[in-house]
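The values are calculated or read from the model by the stated rules, or taken from the named source; none is laboratory data. Since this is a predicted model, take the numbers as computed values, not measurements. In this analysis, Cβ positions are derived from the backbone assuming ideal geometry, glycine residues included, and neighbour counts consider all displayed protein chains. These area figures cover heavy atoms from the full protein model, side chains too; ligands, DNA and RNA do not enter into them. Shrake-Rupley method; radii C 1.70, N 1.55, O 1.52, S 1.80 Å.
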Amino acid sequence: MTDCIFCKIIAGDINSVCLYEDEYVYAFKDINPQTPVHFLVIPKKHISSMNEVNAENSQIAAKCLEAIAKIAKDLKLEAGYRVISNCGADAGQTVFHLHFHVLAGRPLGEKLV
Ligand code: 5GP
Ligand code: ZN
């Protein structure tokens, strides 16, 4: 999608700090980190949000989860981390390209769930 910030990041039209990339997935540091470690894992195929995950594309979403586990091991996040995907306005989604926030680097305290 030409007007999607994250598609532009994948294409290299907007700079990002890449942590991991493969055929299906791109992972990069969040520009406005909420914790000492805060990165985003996104599918290279444009999927707007969790609402658009279905039987045809769930394999790609699963690739994101596989990548999270791999990156967490590489970054030695054995102390723990939190994975969040905001979906829709009430959840505060601002970029409508499916993404998983990975937050770590300090005790995350107050639990959302
Ligand atoms: P959302 O609020 O949609 O769940 O999260 C979007 C995230 O994307 C935010 O945490 C925001 O900081 C991050 N973000 C937005 N634009 C850019 C950008 O151009 N580069 C990077 N690295 N992160 C971005
Ligand atoms: Zn996109």
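Per residue, the convex hull around the alpha carbon atoms of the chain comes to 112 Å³.
One Cα centroid belongs to the stretch 77-106, the other to the stretch 24-41; the line between them spans 9 Å. Amide H to amide H, with H built 1.01 Å from N, Val25 comes under 5 Å of Lys44, counting only residues 5 or more places away or on other chains.
About its Cα centre, the dipole of the chain is roughly 340 debye, where the only charges are +1 on Lys and Arg Cβ and -1 on Asp and Glu Cβ. Residues whose amide H falls under 5 Å from that of Ile47, counting only those 5 or more places apart or on a different chain, are Leu98, with hydrogens built in the peptide plane. Applying the Karplus relation 6.51 cos²θ - 1.76 cosθ + 1.60 with θ = phi - 60° to the stretch 8-24 yields 3J(HN,Hα) values of 5, 5, 4, 6, x, 6, 10, 5, 8, 9, 7, 9, 6, 8, 9, 4, 10 Hz, where x marks Gly and Pro. Against the chain, whose longest principal axis comes from its Cα atoms, helix 58-74 is set at around 30 degrees.
Measuring from each cysteine beta-carbon in the chain, the ones with no other cysteine beta-carbon under 4.7 angstrom are Cys18, Cys64, Cys87. Computed over protein heavy atoms with a 1.4 Å probe, the accessible surface of the stretch 5-104 works out to 56 Å² per residue. Among the GluC sites (Glu not before Pro) found in the stretch 5-96, those both in a DSSP coil and sparsely packed, with 10 or fewer other Cβ atoms within 10 Å of their Cβ, are Glu23, Glu56, Glu78. Going by accessible surface with a 1.4 Å probe and the largest first, Asp22, Asp3 read Asp3, Asp22. Taking the accessible area of the stretch 2-75, probe 1.4 Å, and keeping the other protein chains in place, the carbon and sulfur fraction comes to 51%.
So which residue, out of Lys73, Lys63, Lys29, gets the largest mean-square fluctuation from a GNM of the chain using Cα contacts under 10 Å as springs? Looking only at Lys73, Lys63, Lys29, the largest GNM fluctuation is found for Lys73. For the stretch 35-45, 3J(HN,Hα) computed residue by residue from phi via the Karplus equation (6.51, -1.76, 1.60; θ = phi - 60°) reads 9, x, 10, 8, 10, 10, 10, 10, x, 5, 6 Hz, glycine and proline entered as x.
Per-residue ellipticity at 222 nm from helix content only, as computed over the chain with -39500 (n - 2.57) for each DSSP H run of at least four residues, stands at -6500 deg cm²/dmol. Residues whose amide H comes within less than 5 Å of that of Gly105, counting only those at least five positions distant or on another chain, are Val37 (H built at 1.01 Å from N in the peptide plane). Using a 1.4 Å probe on the protein heavy atoms only, what accessible surface does Ser85 show? Give it in Å² to the nearest 10. Solvent-accessible area, nearest 10 Å²: 40 Å².
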